[in-house]
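So the structure is just underneath, and the comments pick up after that.
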Amino acid sequence: MSADGSRGGGQSHRGRGKGSGQRPRGGAGGQGTRRDGAQGRRSPQGSGQNKRPQPQAPRPDARSVALAVMTAVRERSAYANLALPAELRRARLDARDAALATELTYGTLRAQGLLDRIIALAASRSVDEIDPPVLDLVRLGAYQLLFTRIGAHAAVDTTVEAARTEGLGRAAGFVNAVLRKIAARTTEEWIDALREAVADPIARMAIGTAHPEWIARAFAESLGSAAGELPELLAADDARPRVHLAARPGAITGEELALVTGGREGRLSPYAVHLDSGDPGSLDAVREGMAAVQDEGSQLVALAAAGAPVLGKDGGRWLDLCAGPGGKAVLLGALAEIEGASLTAVEVSEHRAGLVREATNDLPVTVHTADGRKPGLEPGFDRVLLDAPCSGLGALRRRPEARWRKTAGDVPELVSLQRALLDSALDLVRPGGVVLYATCSPHLSETVSVVREAGRRADVESLDVQEVLAGICVEPIEGLGTGPWAQLWPHRHGTDAMFMAALRRLA
Ligand SMILES: C[S@@+](CC[C@H](N)C(=O)[O-])C[C@H]1O[C@@H](n2cnc3c(N)ncnc32)[C@H](O)[C@@H]1O
């Protein structure tokens, strides 16, 4: 790394540069940075004693936790929502600093593409020319300046200090200069500057809400005649989602779960409970397996798979064709137990199949590690859930880094897989049985196009899945689209943007 933060030359590794591990981290503090402020005050040099300061490992703080997660996401393609809890446990921050670390990590990752465009303008160079660990630091500082109430001095000073404690001291001047330039304008001024040369309204909205343009465009296409709701949708997609719990049928009711957790019952799934805050893993009901974290929209998918009308008697042979890691298999397995049915779960990944086994070990569920396109199972299932591998564009709010990792180029390959899996599901279901096709993506290529094509098979009819949902939901559900399929939306339903369609094999 050179002194101006650019790639190439010199040291660029965390913890190897000048100043690394030499003194407690700190800085000017500021809102939410009480600990930084207290630790950042160093004694004046040579203050009456000749003793050399003892080397001391820097104590983790909110910013170092955020940087560690950002590094894991960048270098090892980690998922932030899995890496952050591990870092928080390791750092043992108090509740206030843990909340700040969470806000900085998720916020910076979510806004990354927008921050990079602003940094490029401020640094007068492409971000590709900036050493990645230095770029992470600048992103973290820029996020604080533009999207938090942390004071500008605190945001700049603590980031420059972090450059030193992270072993990137030679880039401190560069970090300082870029952040000061960013601090000289408001967020709105930067966004206006980026939008200056952009006329297309969707592209302008995408810039302002830190979404890649192709994703905003896919959302608009899926909203169709309601594309005017795009700003609301993009804003909801940027907000931190509430934690949804699913009560396990037969173990606890939604009402009881709300009482023991202090949460609120959902308006859609009869098993849903919403929590405003807190660590769901610490709840007794979750630890004892009576409830699990699951988006309310995902609950509706499993419930629709269990409730869509089959012709003739339901013989109790149910199949989950893409089951890993097992969220819906647990709900389906618990319903199967109540109905006297059994669930076969298929998952191509050995590791994920293991997770399904673990999650369903006390339920009538058999797990097979196999490719759902050719699972080698005896056909004749009464019900098949195909929760297809997809781009995940409908669950971006739960995966802060995901929007900048995916590309439009990922979609066609997924669509071919979805088509082949749906064909297989329709071959495996008995005449009169139902396939529930679902994606956690509203992208039309992965949703309507796939089920329309399958509906062209001579032995398939489309059911009105909105009617199925009407029979399941606690309160009337609206805004699902023109049907017969259903599209859930974060801004309308408070769920992930799940899509579902029910197809029945003709007898
Ligand atoms: C959307 S996820 C399913 C989520 C799951 N239903 C749940 O609620 O936890 C899709 C799953 O399909 C698996 N998968 C991908 N290709 C597959 C294939 N050819 N056959 C079976 N499973 C596959 C992925 O590994 C992934 O676990």
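The values are calculated or read from the model by the stated rules, or taken from the named source; none is laboratory data. Note that the structure is a prediction, hence the values are computed from the model and not measured. Note: ideal-geometry Cβ built from the backbone for every residue, glycine included; neighbour counts use all protein chains shown. Remember, those area values only see protein heavy atoms, side chains included, never the ligands or the DNA or RNA. Shrake-Rupley method; radii C 1.70, N 1.55, O 1.52, S 1.80 Å.
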| request: Say whether the condition of being touching a strand residue (DSSP E or B) at 6+ places or on another chain (Cβ under 6 Å), assigned by TED's automatic domain parsing to the domain that holds LEU300 and either more than 10 Å from the ligand (Cβ to nearest atom) or open to solvent by 70 Å² or more (accessible area, probe 1.4 Å) (or both) is met by at least one residue in the range 383-392. | output: yes
| Sole exception among (1) more than 22 Å from SER126 (Cβ to Cβ); (2) crowded, with 19+ Cβ neighbours inside 10 Å for VAL178, by number | (1)
| note | Subset of the range 166-203, residues in a helix (DSSP H, G or I), of a type outside the set (A, V, I, L, M, F, W, C) and within 17 Å of LEU145 (Cβ to Cβ), comes to ASN176, ARG180, LYS181, THR187, GLU188, GLU189, ASP192
| task | Could you grab the pairs with beta carbons closer than 9 Å, sequence gap of 6+ or different chains, first residue in the range 342-361 and assigned by TED's automatic domain parsing to the domain that holds ARG248, second one more than 8 Å from the ligand (Cβ to nearest atom) and assigned to a helix (DSSP H, G or I)? | result | none
| task | Select from the range 128-158 the residues that are open to solvent by less than 10 Å² (accessible area, probe 1.4 Å), among the β-branched types (Val, Ile, Thr) and under 26 Å from the mean Cα position of the chain (by Cα) and list them in ascending order. | result | VAL134, VAL138
| said: Checking the conditions here, which among ARG149, ARG125 is closer than 30 Å to PHE219 by Cβ, assigned to a loop (DSSP other than H, G, I, E, B) and either touching a Cys at 6+ places or on another chain (Cβ under 9 Å) or touching a residue at least 12 places away in the same chain (Cβ under 8 Å) (or both)? | reply: ARG149
| Before we move on, is VAL175 free of Cβ contacts under 8 Å to residues at least 24 places away in the same chain, touching a helix residue (DSSP H, G or I) at 6+ places or on another chain (Cβ under 7 Å) and not acidic (Asp, Glu)? | no
| query | Which condition number does ALA246 fail, the rest of (1) among the small types (Gly, Ala, Ser); (2) in contact (Cβ under 8 Å) with a residue 60 or more places away in the chain; (3) assigned to a helix (DSSP H, G or I) being met? | reply | (3)
| note | PRO364 passes all but one of the listed conditions (1) farther than 30 Å from GLU288 by Cα; (2) away from the ligand (no atom under 12 Å from the Cβ); (3) not small (Gly, Ala, Ser); the exception is number (1)
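In the list ALA239, ALA210, ALA197, which residue meets the criterion of being hydrophobic (A, V, I, L, M, F, W, C) and within 30 Å of ALA329 (Cβ to Cβ)?
Details: ALA210 fails: within 30 Å of ALA329 (Cβ to Cβ); ALA197 fails: within 30 Å of ALA329 (Cβ to Cβ).
Every option except ALA239 fails the conditions.
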| query | Is the range 93-112 home to any residue that is part of a helix (DSSP H, G or I), within 21 Å of LEU234 (Cα to Cα) and of a type in the set (A, V, I, L, M, F, W, C)? | reply | yes
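Given the residues GLY254, GLY224, GLY228, GLY250, which is the only one that is outside the structural domain of THR105 (by TED's automatic domain parsing) and open to solvent by less than 20 Å² (accessible area, probe 1.4 Å)?
Working: GLY224 fails: open to solvent by less than 20 Å² (accessible area, probe 1.4 Å); GLY228 fails: open to solvent by less than 20 Å² (accessible area, probe 1.4 Å); GLY250 fails: open to solvent by less than 20 Å² (accessible area, probe 1.4 Å).
From the options GLY254, GLY224, GLY228, GLY250, the qualifying one is GLY254.
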| said: I'd like to check something: does the range 215-233 contain any residue that is without any contact (Cβ under 8 Å) to a residue 60 or more places away in the chain, assigned to a helix (DSSP H, G or I), out of contact with any helix residue (DSSP H, G or I) (no Cβ under 8 Å at 6 or more places or on another chain) and aliphatic (A, V, I, L, M)? | reply: yes
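Do you know which of the residues in the range 112-127 that are within 25 Å of the chain's Cα centre (by Cα) and open to solvent by 10 Å² or more (accessible area, probe 1.4 Å) is nearest to GLY167 (Cα to Cα)? Don't jump to the end; show me each part of the working.
Keep residues of the range 112-127 that are within 25 Å of the chain's Cα centre (by Cα), which gives 112-119, 127.
Next, only the ones that are open to solvent by 10 Å² or more (accessible area, probe 1.4 Å) stay: 112-113, 116-117, 127.
Numbers: GLN112: 23, GLY113: 25, ASP116: 22, ARG117: 25, VAL127: 20 Å.
Across the range 112-127, the extreme among qualifying residues is VAL127.
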| said: I need a count of the residues in the range 417-468 that are in contact with a Pro (Cβ under 9 Å, 6 or more places away or on another chain), free of Cβ contacts under 8 Å to residues at least 60 places away in the same chain and either more than 29 Å from PRO490 (Cα to Cα) or within 14 Å of the ligand (Cβ to nearest atom) (or both). | reply: 4
